[in-house]
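Student: Below you will find the structure I want to go over with you.
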Amino acid sequence: MSLNEADTCRVYVTPKLQKAAWEISPHSMTEQKVFTDGRVFTTSGKPLRGERKRADYLLHYTRDFALAVVEAKPEAEPVGTGMQQAKDYAEILGLKFAYATNGHEILEFDYTTGCEQLLSAFPTPETLWERLKAAENLSDETASRLLTPAYLIGIKPRYYQEIAINRTVQAILQGQRRNLLTMATGTGKTVVAFQICWKLWNARWNRTGEHRKPRILFLADRNILVDDPKDKTFAPFGEARFKIEGGEISKGREMYFAIYQALAKDERRPGLYRQYPRDFFDLIVVDECHRGSARDESNWREILDYFEPAYQLGMTATPLREDNRDTYRYFGKPLYTYSLKQGIADGFLAPYRVHRVITTVDASGWRPTKGELDRYGREIPDGEYRTEDFERVVALRSRTEAIARHLTEFMKRTDRFAKTIVFCVDQEHADEMRRAIANLNQDLVKQYPNYVARVTSDEKDIGRGHLSRFQELETTAPVILTTSQLLTTGVDAPTCKNVVIVRIINSMSEFKQIIGRGTRIREDYGKLYFNILDYTGSATRQFADPGFDGFPEFAEDITMDTEGNTVSEVETTEAQDAEADQGEEAALEDCPTPADSNNDDEPHNPRKYYADGGQVQVIGHQVMELDADGKQLYTVQYTDYTAEKVRTLFRSANELHDQWANPLTREEVLLTLEAQGITFEALADVAKQPEADPFDLLCHVAFHTPLRTRRERAARVRSHEQAFFAQYEEKSRAILNALLDKYSEHGPDQLAIPTALQVPPISQYGNLMEIATLFGGAAPLKQAVDRLQTLIYTM
């Protein structure tokens, strides 16, 4: 008999790799290397992990530098059977060599030459390394520095982080002066930046070739983007760190941190950056570089131009778009891109459910009554005000309260302590929203005074304290933060479960940054997906943009009334969404703002009108989900989704039955369906058929066969299969009847042995060995239970 895959690896493949010196330090081979976490599916109503990608062998030249992947198949298979899978894994992992083998023959694909050939033995680590060096034009000195170990205390970098680190270090070592990495929010850009700096620092690389460590500047536009990395991720640099701030500089350190504003010129000083020589820094890392540093007219661009001799690395979460074209023009084509879509597919980022909630005034606009006065006694100019005007031109208290009420009810239904960030129009709006939410949750505010808090630039240290506690995993309050712009980027809140959008978002870059507040996964804290509650409709529109690379798991249009109660829920298709969006984009009548009025004689001159009366309701609900293939579903009908998947796997009910009736193949069917996000519990709940047999329910939704309950199937076995029971003694018959009762009550899971035999009433007949003796041994017992299952599923 020929060997299966596992035995082929053990008997043939592993010894051949060992013979080629892949287990001699510093080289290594990792068997059954899992390199993704498995996509999270929420289709069934509860998060489920999909299949993880696993390479049979991953070959490393050093601990941090992989060279090749090997895919093995059973010895009876042709040698090329695993090549396509090997190439797929090699491309994902950024490797130049892929191997397929059946244990006897070895097939190599070399990406550096495009050649595929049979080999008599695996190449040695030195052979592959020399071939890679030649293909990549790596000198001995460059190759040696490229292999400088990463800092590994704790978690090893993920596969895509290793690719980003090694490609960037190689590009810099080979003289590429401007470099760009595009990595989705939540994928660890700061860790990647640290490892790049660490490797170059320890390799004693610098742009002049002197025998010294490099001077590196980590640059961003917000203190939170600088302080957090400096104090945490970059802590191993120790005393080499220095933050340039408060007009103070240092020239005796090696790892510098600064925000543009601390270096840039203003009306008081020519620019602190000029106190450093132009050639002082060897490398400048620009975090969130899409935020204006590369624009030609930007004051911050002056800093990069001044330090032009330095190598520069831009890091961004946003792919090339019209609103960040300057970034890509300046830094060049990305060395590596790891997208939001890929992060979700790999299971490293959380998928999300989108709740598109629209109020009556957002849907049809708001118009003041003739002569209506605002909070300050000013007449509100006549005109039709729309979503883009709310909280900018006119503030509607009833709209804010309706949104706060709806959000409160949503959290009461889901989790009142789910970390939530609410993005408002401005700081004043954030305060109004904070107050409205707090008043609707007085029972919790009484216990936790900071249950809801505003975090904007006005709060300064107090706001930063709220944010710090919000980010902590073990801290209960604050639960809800209201903000405007401050938290759109650079805030690591891994347990954030709700991202709430109450302002217009026109920029895809900003939209992705906002979504990024929730994409981090914390499985140990039950965080596998998050909700996006969009109260303006503008954010949801971004999903239809061709530049968006990660569709939502779930979206819904909700309409609510002034009290925050849901009025209607509407499921729509993409075509309907596009039509609705075009309507919302119609030209609107310009309305004057208070700034246009002559109010200069007033001591308090508000910049918008405040309408405190009236009523607002909620009115719409759209649903979108991704299936296992990454395709957007038009609706979130779980039964339709299940039917499509079942029909893809099985051509008919008879074909499904053939695999379902056998307990062994039935387990494979269940695992396959679960990998697609389908579980019987969820299907029975959605279809409102808790008594149905799983097989019948699957056939019913997929092939429109009659629906039968478990009790009906059990009754048929008892009445039509008496000869089966008659062949056994009284106690054995009683055990089989008890198993049939368990199936009838709870489903086919109750037929699993030995588990089913260890609980009452069957356990009263003895332990497993004593029960098996009643049937004449373990094998006859298994045969009896298997036969019972076959009879249950007789068509």
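Student: Select from Ile153, Ala193, Gln174 the residue farthest towards the positive end of the dipole of the stretch 75-212; place +1 on Cβ of Lys and Arg, -1 on Cβ of Asp and Glu, and compute about the Cα centre.
Tutor: Value: Ala193.
Student: Still on this structure: For Trp22, Trp198, write out the residues from largest to smallest accessible area, computed with a 1.4 angstrom probe and no ligands counted.
Tutor: On the way: Trp22 0, Trp198 35 Å².
Of Trp22, Trp198, the descending order of accessible area is Trp198, Trp22.
Student: Set Lys and Arg Cβ to +1 and Asp and Glu Cβ to -1, take the dipole of the chain about its Cα centre, and tell me which of Ala436, Leu263, Gly518 lies farthest positive.
Tutor: Comparing the listed Cα positions along the dipole, Leu263 ranks first.
Student: Which shape class, rounded, prolate or oblate, goes with the stretch 749-795 when its Cα gyration tensor gives a ≥ b ≥ c as root eigenvalues, a/c under 1.5 marks rounded, and past that a/b bigger than b/c marks prolate? Write down the numbers at each step before the final one.
Tutor: Details: a/c = 2.66, a/b = 1.48, b/c = 1.80.
Here the stretch 749-795 falls in the oblate category.
Student: I'd like to know which of Thr36, Val11, Pro26 lies farthest towards the positive end of the charge dipole of the stretch 1-61, counting +1 on Cβ of Lys and Arg and -1 on Cβ of Asp and Glu.
Tutor: The residue sitting farthest along the positive end of the dipole is Thr36.
Student: What FRET efficiency comes out for Glu691 versus Val759 if R0 is 25 angstrom and r is the Cβ-Cβ distance? Round to the nearest 0.05. If you can, show how the numbers build up before the last one.
Tutor: Values: r = 22 Å, r/R0 = 0.87.
Given R0 = 25 Å and the Cβ-Cβ separation, E is 0.70.
Student: If R₀ is 25 angstrom, what is the calculated FRET efficiency for the pair Glu23 and Ser144, using the beta carbon separation as r and rounding to 0.05? Intermediate results must be reported in sequence, preceding the final value.
Tutor: Values: r = 23 Å, r/R0 = 0.91.
Here the calculated transfer efficiency is 0.65.
Student: Got a sec? What order do Lys265, Lys645, Lys497, Lys460 fall in by accessible area at 1.4 Å, biggest, i.e. largest, first?
Tutor: Details: Lys265 95, Lys645 15, Lys497 50, Lys460 130 Å².
Greatest to least solvent exposure: Lys460, Lys265, Lys497, Lys645.
Student: Hey, another quick one. Please give the charge dipole size of the stretch 1-157, origin at the Cα centre, charges +1 on K and R Cβ atoms and -1 on D and E Cβ atoms. Round to the nearest 20 debye.
Tutor: Values: 18 positive and 22 negative charges, 137 e Å.
The calculated dipole for the stretch 1-157 is roughly 660 debye.
Student: Here's another thing I want to ask about it. Using a 1.4 Å probe over the heavy atoms of the protein chains, calculate the carbon and sulfur portion of the accessible area of the chain as a whole percent. Walk me through the intermediate numbers first.
Tutor: Working: 16390 of 34560 Å².
Accessible surface attributable to carbon and sulfur in the chain totals 47 percent.
Student: Can you figure out the FRET efficiency of Glu51 with Val11, using R₀ = 25 Å and their beta-carbon distance, to the nearest 0.05? Don't jump to the answer; show the numbers that get you there.
Tutor: On the way: r = 26 Å, r/R0 = 1.06.
With R0 = 25 Å, the Cβ-Cβ based efficiency is 0.40.
Student: What figure in square angstrom, to the nearest 10, would you give for the accessible area of Ser28 with a 1.4 Å probe?
Tutor: Looks like 40 Å² after rounding.
Student: To the nearest 10 square angstrom, what accessible area does Arg63 show with a 1.4 Å probe?
Tutor: Answer for Arg63: close to 110 Å² accessible.
Student: When the dipole is taken about the Cα centre of the chain, and only Lys, Arg (+1) and Asp, Glu (-1) are charged at their Cβ, what size is it in debye, to the nearest 20? Mind dumping the intermediate values first?
Tutor: Working: 98 positive and 120 negative charges, 490 e Å.
Charge dipole, the chain, about its Cα centre: 2360 debye, nearest 20.
Student: So how exposed is His720, as accessible area in Å² (1.4 Å probe, rounded to 10)?
Tutor: 130 Å²
Student: So, for the chain, what is the accessible surface per residue at a probe of 1.4 Å, expressed in square angstrom? Don't skip to the answer; put the middle values down first.
Tutor: On the way: 34560 Å² over 795 residues.
Per-residue accessible area for the chain comes out at 43 Å².
Student: Rounded if a/c is under 1.5, else prolate if a/b is larger than b/c, else oblate: which is the chain, with a ≥ b ≥ c the root eigenvalues of its Cα gyration tensor?
Tutor: Numbers: a/c = 2.38, a/b = 1.20, b/c = 1.99.
Oblate shape, in that a/c is at least 1.5 and b/c is the bigger or equal ratio.
Student: Also, quick follow-up: Keeping every protein chain in place, order Met29, Met433 by accessible area at 1.4 Å, biggest value first, i.e. largest first.
Tutor: Working: Met29 25, Met433 0 Å².
These residues rank, largest area first, as Met29, Met433.
Student: Once you have the Cα-Cα distance between Ala240 and His104, take 0.36 nm times their residue separation minus that, and quote the gain in nm to one decimal. Numbers along the way, then the final one.
Tutor: Numbers: separation 136, 0.36 × 136 = 48.96 nm, distance 5.40 nm.
This chain segment gains 43.6 nm when fully extended.
Student: What's the local net charge at Pro690, with K and R +1, D and E -1, over the other residues with C-beta under 13 Å away?
Tutor: -3
Student: Taking the Cα centre as origin and putting +1 on Lys and Arg beta-carbons and -1 on Asp and Glu beta-carbons, what dipole magnitude results for the stretch 390-508, to the nearest 20 debye? Spell out each step's value before the answer.
Tutor: Values: 17 positive and 15 negative charges, 64 e Å.
Roughly 300 debye for the stretch 390-508.
Student: Full extension from Asn439 to Lys731: what is 0.36 nm times the residue separation minus their Cα-Cα distance, to one decimal in nm?
Tutor: Numbers: separation 292, 0.36 × 292 = 105.12 nm, distance 6.55 nm.
Once the chain is fully extended between Asn439 and Lys731, it gains 98.6 nm.
Student: Can I ask one more? Any idea how far apart Asp461 and Asp88 come out in nm if each label point goes 7 Å out from Cα toward Cβ?
Tutor: Going from the Asp461 label point to the Asp88 one covers 5.7 nm.
Student: Under the rule of -39500 (n - 2.57) per DSSP H run of 4 or more residues, summed and divided by the residues of the chain, what mean residue ellipticity at 222 nm is obtained, to the nearest 500 deg cm²/dmol?
Tutor: -10500 deg cm²/dmol
The values are calculated or read from the model by the stated rules, or taken from the named source; none is laboratory data. If you're wondering where the values come from, they're calculated on a predicted model, not measured in any experiment. Ideal geometry is used to build each Cβ from the backbone, glycine not excepted, and the neighbour counts take in all protein chains shown. The protein model used for the area step is the full one, side chains on, heavy atoms only, and it has no ligands, DNA or RNA in it. Shrake-Rupley method; radii C 1.70, N 1.55, O 1.52, S 1.80 Å.
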